[in-house]
1. I'd like to check something: does region 285-300 contain any residue that is farther than 22 Å from residue 148 by Cα, in contact with a Lys or Arg (Cβ under 8 Å, 6 or more places away or on another chain) and surrounded by 23 or more Cβ atoms within 10 Å (Cβ to Cβ)?
2. Looking only at region 227-249, which residues are in contact with a Leu (Cβ under 9 Å, 6 or more places away or on another chain) and surrounded by fewer than 20 Cβ atoms within 10 Å (Cβ to Cβ)?
3. Just checking, does region 374-397 include any residue being surrounded by fewer than 23 Cβ atoms within 10 Å (Cβ to Cβ), touching a Pro at 6+ places or on another chain (Cβ under 9 Å) and more than 30 Å from residue 291 (Cα to Cα)?
4. Quick one: count up the residues across region 11-41 that are in contact with a helix residue (DSSP H, G or I) (Cβ under 9 Å, 6 or more places away or on another chain) and part of a helix (DSSP H, G or I).
5. Residues being surrounded by 18 or more Cβ atoms within 10 Å (Cβ to Cβ), among the β-branched types (Val, Ile, Thr) and assigned to a helix (DSSP H, G or I): count how many of those fall in region 251-275.
6. When you scan region 331-436 for helices (runs of 4 or more DSSP H) that lie fully inside it, which ones turn up with 2 or more residues that are of a type in the set (Ser, Thr, Tyr)?
7. Name the residue, out of 403, 365, that is closer than 17 Å to residue 132 by Cα, modelled with pLDDT of 90 or more and either of a type outside the set (Lys, Arg) or crowded, with 23+ Cβ neighbours inside 10 Å (or both).
8. For region 58-158, list the helices (runs of 4 or more DSSP H) that sit wholly inside it and hold at least 1 residues that are in contact (Cβ under 8 Å) with a residue 60 or more places away in the chain and farther than 25 Å from residue 413 by Cα; which are they?
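The values are calculated or read from the model by the stated rules, or taken from the named source; none is laboratory data. Source: prediction; values computed, not measured. So basically every Cβ, Gly included, is an ideal-geometry build from the backbone, and we count neighbours across all protein chains shown.
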Amino acid sequence: MWSLMVLPVGLFLLGFPVYVVLLAASATTLLTIMNVPPLVIHQIVYGGVANYALLAVPFFIFAGELMNRCGVSERLVQWVMSLIGHVRGSLGLTTIASSTMLGAVSGSSPATVAAIGKTLYEPLLRNGYGRPFSLGIITSSGSIAIVVPPSIAMILYGASAEQSIPKLFIAGILPGLLIALLMGLYVLLWVRRQGSTQGSAQNGVIATEPGAGDRRADVGFATATARASGALAMPAIVLLGIYLGFFSPTEAGGVACLYAMLLGRYVYRSVTWRQILEAASESAFLTGQILIIVASAAVFAWILTVQGIPQSLIAWVEAAQLTPVMFLLAINLLLLILGCLIDPTSAILVLTPILAPIVQALGIDLVHFGVIMTVNLSIGMFTPPFGLNIFVAQSVLNAKISDIYRGLFGFFVAQVIALLVITYVPELSLYLVETL
């Protein structure tokens, strides 16, 4: 069907925004092929965003924006260094660990790249890691932010696939840690191959506060824990509150906003009320960008369903006798390619209604598949040519694209290995879901 396949591809290649592509394809199909009144577009657009679970999106975006403005990245970096500062390669490991923890606070991959990049890029260079490797580790480690909870990508997938968001959150914990572990192993192998002590904390310095100069990475564990306790408590409050039944994921987002506001204004005293209002304004703008894609994707998905596209794909998969192993391999390849071309929000909202029925027909757990999809798209965040993290790193760190590309390959391989393990060992994603 040209209006649902040729037209969207053509508009996308011409550079139109994703929501325009989806609405144009949907409207064209309704007016030229389907015998339904145009009023149905308004009804489905409203139905697409009238989802209680989606209320968590603006809350977590606002909470993450506030936490980024509070200066939590420096505190988390210092805390991690107090734990592993004696290990050879500790500065590289700190970059990965800090990105993972900041991702659990902010839920934003680009924000994590920007915050950790500003904090650790210069120290990495001073300690001999080299420009390409330093850029590669910062750009790639930020991708873990959309895998570990609270993940906005998981919220969108849960709303699209009608799956439990708390289950998706907890399913992302072990896969996120596995990605960080394999990236850390690559760092240790790289440092060992270099045959130097560039990662040693003894000669490492970290810029902890603007204008305060450089401080040595030898802050005691107790002091570092006290300084970072406010940031460390946020994901614990959110997740424990959800899993102990005190509040829903949406209510947890509201609690996170209030906590971040009080922490930054009255505990850290690092933000003013004016800055809080600016954070709210930026969060509202980003929420609008996400929800207009949600609404557009709802119309597109409804047309696909009415036209029997998912059912036709299921029949094709059955006729081709694809096993779950073969299907998941094909989906991984598809998502890795799409992930470096479009943002995770768009990919999840467009593909989930198409793929979910096929996944169910093959007997694959939809929670497990949500983790697979999210990990694939997180890799796309730093995959050339259009990975968003690449452009964030280039802008924030004033780096050359060629230097970033050169440093990404090893981390790409490490994350693809993690993806294969996550894909074919479903227990990794489902163990905590079934246990807790």
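1. No, region 285-300 contains no residue that is farther than 22 Å from residue 148 by Cα, in contact with a Lys or Arg (Cβ under 8 Å, 6 or more places away or on another chain) and surrounded by 23 or more Cβ atoms within 10 Å (Cβ to Cβ).
2. Across region 227-249, the qualifying residues are 230, 232, 233, 243, 246.
3. No, the conditions are met nowhere in region 374-397.
4. Count: 17.
5. So the answer is 1.
6. The qualifying helices (runs of 4 or more DSSP H) are 344-361, 366-380, 401-424, 427-435.
7. Answer to the selection: 403.
8. Because the criterion is at least 1 residues that are in contact (Cβ under 8 Å) with a residue 60 or more places away in the chain and farther than 25 Å from residue 413 by Cα, the helices (runs of 4 or more DSSP H) in region 58-158 that meet it are 72-84, 90-106, 109-126.
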